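Report on one structure; see the data block that follows.
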Amino acid sequence: MTELSSDNVKAVVAEFCDVSAAYFGDIHVLRNLSLVFRSGTVTGIIGPNGAGKSTVLKTFMGALKPRSGDIRLYGKSLAGVPNHVLALMGVAYVPQNRSLFLGLSVEDNLLLGCWPIRHDRVRTRRILDRTLTEFPMLGAARRNLAGSLSGGQRRFLEIARALLLDPKIILLDEPTAMIAPKFAADVYEKISALAAEGLAVVLVDQNIKPCIEVSNYIYVLELGQKTTEGTADFLQSDDKMREEIGRWLEVSGG
Ligand SMILES: Nc1ncnc2c1ncn2[C@@H]1O[C@H](COP(=O)(O)OP(=O)(O)OP(=O)(O)O)[C@@H](O)[C@H]1O
Ligand SMILES: [Mg+2]
């Protein structure tokens, strides 16, 4: 993976500026977190269970309101911006808890992803046709129920749905969890391809090795705080970090 150097640093798409967030009371799950997500870059977020990785993405999507600090997209605060507007602003999200309507067809699941532009039927049709061509496995299964797809096919349907409205940034929470290794390899390949097309990809992943391999830049979280950050080479050359990663791999069996 190409490392970021001063002459190929990409534009900032989104930023967490000193964000703290809590689900209830004053128990802060994110603590003074500052993160930068750049175009054409895969940013990996790793850390042990309960570190707050999913909460970062949920807070980005407005499910949690920052108690302090700010989340910005192209320099503008996202405070108070509703979820469906985020999609129109170019933010896409594939959550950790799977989000398909298993009793609906592949095509209807995609149609629901076009909800924010539902009044523009011509654009909706064009986007659907393009997506079903771009993902031939979904094209072949367009009339099948999402519930009849394999785990890997479902994951691709979720990713395809997130890409419908041409996002500028895509947030992926554990996209290779519980799918066959062949599909996992395809997902990582897709992630690299999306970054190569210029997207900012934010990858939360418990599979530390492949995450580090595919990421240009990595944040390590623990107890809602950033403990380390840097390129894959930097993290792997840091003795303390190598030891830490070794411990997580033992625990997770990764
Ligand atoms: N809906 C919720 N209500 C209250 N606390 C929550 C909720 N969701 C998560 N938490 C708590 O917030 C902390 C961070 O959780 P989060 O799900 O962000 O961690 P994570 O790093 O994504 O973990 P994992 O690797 O297990 O997915 C944990 O202590 C968790 O118990
Ligand atoms: Mg999580």
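Quick check on the stretch 126-234: take the gyration tensor over C-alpha atoms, sort the square-rooted eigenvalues as a ≥ b ≥ c, and tell me if it's rounded (a/c under 1.5), prolate or oblate. Verdict is prolate for the stretch 126-234.
Only Cα pairs under 8 Å and 6+ residues apart enter the sum, and on that basis the relative contact order of the chain stands at 28 percent. Under a Gaussian network description of the chain, with springs only between Cα atoms under 10 Å, the residue in SER20, SER150, SER215 that fluctuates furthest is SER150.
Classify the stretch 59-185 from the C-alpha gyration tensor, please: rounded if a/c falls under 1.5, else prolate or oblate depending on whether a/b exceeds b/c.
Values: a/c = 2.23, a/b = 1.43, b/c = 1.56.
The shape class here is oblate.
Considering only ASN216, THR228, HIS28, the residue lying farthest towards the positive end of the dipole of the chain is HIS28, judged by Cα position with unit charges set on Cβ. Of the residues THR43, THR124, the one with the fewest other Cβ atoms within 10 Å heads the list, and the complete ranking is THR124, THR43. Over the stretch 1-135, the reciprocal of the mean inverse Cα-Cα separation, the Kirkwood hydrodynamic radius, stands at 17.2 Å. Among VAL214, VAL12, VAL85, the largest mean-square fluctuation in a Gaussian network model of the chain, built with springs joining Cα atoms closer than 10 Å, belongs to VAL85. Cβ crowding within 10 Å, taken as a proxy for footprinting-reagent exposure, orders ILE117, ILE169, ILE245 from fewest neighbours to most as ILE117, ILE245, ILE169. Projected over all directions and averaged, the alpha-carbon convex hull of the chain occupies 14.0 nm². Charged side chains reduced to their Cβ positions (Lys and Arg at +1, Asp and Glu at -1) give the chain a dipole of some 1080 debye around its Cα centre. Listed by chain and number, the lysines whose C-alpha is less than 30 Å from the C-alpha of LYS190, apart from same-chain residues fewer than 8 away, are LYS10, LYS53, LYS58, LYS76, LYS168, LYS182, LYS209, LYS226.
Each value in this text was obtained by applying a stated rule to the coordinates, not by laboratory testing. All values reported here derive from a predicted model rather than from experimental measurement. Please note: Cβ atoms are built from the backbone with ideal geometry, for glycine as well, and neighbour counts cover all protein chains shown.
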